[in-house]
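Following: one structure in structure tokens, then a few remarks.
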Amino acid sequence: MPQDLSAFGIRIAGHIVLCDWIASNEAFISDPRLAGLDEPGTYLDKAREVACEWIDRLGFRTKRAVTPGKPHSIVSHPRPVQQFLLDQSLPPGLVIIEAPMGEGKTEAAWILAEKWRSEACSGMYMALPTMATSNSLFDRYSNDYLGRLERECKARLVHGMAWLRDDLEPESPQVCGGEDDPSIADTWFRPTRRAFLCEHGVGTVDQAMLAGMNVKFSFLRLHGLVGRVLVIDEVHAYDSYMSAIICRLLEWCACLRIPVILLSATLSARQRAAMLQAYGYPDPAPDGDAPYPLVSSVSFSRELSSRSVAASSTRSLKIEEHEGMLGDAPSTAKLAEFLVIGGGCCCVILNTVRQAQAVFEALNMPDQERMLFHARFSAQDRERIANTVSRLFGRDRTARPRRFVLIATQVVEQSLDVDFDVMISEIAPVDLLLQRSGRMHRHRARDADPVLHVLTPVRGSFDFGATRFIYHDKPLLRTLGLLRGRDRVTLPADFRMLIESCYGSVEWEQEAVPWEIIRAADSDWDQRTDELAGHARSFILYSPERDRFRPVDAPVGEDDDDGQGWRAKTRLGACDRTALLVSSEALEELTEGGMALSRVKDIYRRTVKLPGYLPIDRPVAGHSPAVFGGGHLKGLILLPLASDGTWKGSDESGNTYSVRYDDKLGLIAGRTE
């Protein structure tokens, strides 16, 4: 009997599905070498030979020639956390790397994965918060990791829209190509579910989370992670719903002996303890006073190790609070203009798209010195802007402008390697303010300390406006209490104190917010956290058990390639819908179907994300209801625009909403006054 029935069950179930997919492939079934073989024994022998060749051509091998790991080749000048991992011999298991922004945590994960490299573990899946951050890291992974180590294998981009970046996407993804086609493996792995089986992948965390949920092919996804290192970046950034799913995924990774590396600059003690426990260490106590930076690990044998690591440097972050400027677009724009009056690059981070658009419009600067960046641009415009931002403010400073203001939302907050001279931010939980501040003075030392300008409510008011729809009152109120009267923080020394004060229950001497208000918000936060975690438990696999294989006992839910199926929601707040704003004249052509894939790609590059609250099925007079596409456009919302380029609808209460697209501002949607 197998030592662990859950591990055995997942492996055999995933293997059977994989075999079925390969054997059902049209090109394999129609292989001419199998034609005309009527004698069963002869056919079986030839089928085995052809099958082995196909397995080899697709990149699946039972015995891989694995070159020795070369971790020292990944970085030429290691930073402390990287040098620590180069010097130490951490056994495979779960490793949590907590270090400040800009300390090279991504390369540290590559070093560790390279040290674990063997026949049993030769690949990696990098899980990022968003499709944009996945796209950004994909080129780095291919060039700076695989390219630097001279690996012949290819990395695969894995998310629901990755096919838009693939110039070789076949018209029919089920067909592998002819017998002499050298790109058979490339073609076969293009659909998202198959791409997750590749040896090396970079994609969204959602694709990994689906492996821990009661959805179709979750067993196959878990099977695909075996033999690879799972790296989850920005692991602190997920709410309790997503964290519950990730923790269940960690349980199954421990069961299947899948090594996992978690990266974070601002992980709370409670989050760290939950993840260590999920991977198998019994009852770790949350340690809010743990040293920082910190590398924690749990081996397959459930042995815990926590080691302090040095930081590259100590820096002081100056904080200038601007009371009463939260939600004040004209004043925010004037402050940005003032900060770059003598030159420099300023980033202004707003918490909502609408406020970002308002501040951008209020800027009195030429177009060549300003830019707007948020998630409600069309797919092609968003990619173009992201590439421009990386080019202007990345590590290579040759294209850096003398004076510039970037107005953005949270899209620049995580996993983008950009650098600004000064920053303005609307108030947000303190860990996110620190995360944002890591995009200042990132690539070169400067004489003066970086300055973070924080926009807050008027003194005595605890109304956070639209920001409270993005973040809960608890971390906002506690952050306000931390900021008032504090003009600077020392990093990394203050990281731990700030994070635990924001998300814990500790009280300290401050007069900005009455403690009874904070305590009420704490209670509401705890209740909401429990509700979200409980909701997640309705959709995740059961915990693995050694003596039986019972991951589910309910019907398997639906999912789609981007993890947005009703049963497979990896993010509860993700209510956006993919839509194409189209003229009424062009609507008929798009509903006919039968179009070439190149045309489909062009259409999806022009799609936008519609807010979920828009009443797209209730147009006002003179406007038409939304239509759902079919064929290659199945699930896509086609929103017919009037002759003036707008669409309008009303909800059951009579409130009117409008939608239009502007090349500079992106999607402009919302309730009309």
Only residues that are of a type in the set (Phe, Trp, Tyr) and open to solvent by less than 10 Å² (accessible area, probe 1.4 Å): list them for segment 193-217, please. PHE196
Positions within segment 269-313 being open to solvent by less than 60 Å² (accessible area, probe 1.4 Å) and assigned to a strand (DSSP E or B), in sequence order: LEU294, VAL295, SER296, SER297, VAL298, SER299, SER305
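Results for (1) within 17 Å of the chain's Cα centre (by Cα); (2) at pLDDT below 90, shown as yes or no for each residue.
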residue: VAL175; (1), (2): no, yes
residue: GLY203; (1), (2): yes, no
residue: GLY212; (1), (2): yes, no
residue: PHE219; (1), (2): no, no
residue: ILE232; (1), (2): yes, no
residue: ILE245; (1), (2): yes, no
residue: LEU249; (1), (2): yes, no
residue: CYS255; (1), (2): no, no
Counting only residues in segment 471-527 that are more than 19 Å from ARG272 (Cβ to Cβ), of a type in the set (Ser, Thr, Tyr) and surrounded by fewer than 18 Cβ atoms within 10 Å (Cβ to Cβ), the one modelled with the highest pLDDT is identified as SER523
Could you say whether any residue in segment 20-27 is at pLDDT 85 or above and over 30 Å from the mean Cα position of the chain (by Cα)? yes
Is it fair to say HIS453 is under 27 Å from the mean Cα position of the chain (by Cα), farther than 20 Å from ILE499 by Cα and touching a residue at least 60 places away in the same chain (Cβ under 8 Å)? no
Within segment 314-342, which residues are touching a residue at least 60 places away in the same chain (Cβ under 8 Å) and hydroxyl-bearing (Ser, Thr, Tyr)? THR314, SER316, THR332
Being modelled with pLDDT under 90, in contact with a helix residue (DSSP H, G or I) (Cβ under 9 Å, 6 or more places away or on another chain) and among the hydrophobic types (A, V, I, L, M, F, W, C): is that true of LEU416 here? yes
Does segment 89-112 contain any residue that is assigned to a helix (DSSP H, G or I) and surrounded by fewer than 17 Cβ atoms within 10 Å (Cβ to Cβ)? no
Between GLY635, GLY594, GLY622, which is more than 27 Å from ALA358 (Cα to Cα) and touching a Ser or Thr at 6+ places or on another chain (Cβ under 9 Å)? GLY635
Hey, can you tell me all the residues within segment 368-387 that are without any contact (Cβ under 8 Å) to a residue 60 or more places away in the chain and surrounded by fewer than 22 Cβ atoms within 10 Å (Cβ to Cβ)? GLN368, GLU369, MET371, ARG384, ILE385, ASN387
Is there a residue in segment 230-249 that is touching a residue at least 24 places away in the same chain (Cβ under 8 Å), surrounded by fewer than 23 Cβ atoms within 10 Å (Cβ to Cβ) and of a type in the set (Lys, Arg)? no
Residues of segment 19-35 satisfying the condition of being touching a residue at least 12 places away in the same chain (Cβ under 8 Å) and in a loop (DSSP other than H, G, I, E, B): ASN25, ASP31
Just one of LEU168, LEU146 is surrounded by fewer than 23 Cβ atoms within 10 Å (Cβ to Cβ), of a type outside the set (Phe, Trp, Tyr) and modelled with pLDDT under 80; which is it? LEU168
For segment 593-642, which residues satisfy the criterion of being at pLDDT 90 or above, farther than 25 Å from HIS374 by Cβ, open to solvent by 60 Å² or more (accessible area, probe 1.4 Å) and not small (Gly, Ala, Ser)? ASP617, ARG618, PRO625
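Against the definition (under 11 Å from ALA512 (Cα atoms) and in contact (Cβ under 8 Å) with a residue 12 or more places away in the chain), how does THR479 come out, yes or no?
So THR479 fits the description; yes.
The values are calculated or read from the model by the stated rules, or taken from the named source; none is laboratory data. Fair warning: this is a prediction, and the values are worked out from it, not measured in the lab. Neighbour counts are summed over all protein chains in view; Cβ atoms, including those assigned to glycine, are modelled from backbone coordinates with ideal geometry. With ligands, DNA and RNA removed, areas are computed over all heavy atoms of the protein, side chains included. Shrake-Rupley method; radii C 1.70, N 1.55, O 1.52, S 1.80 Å.
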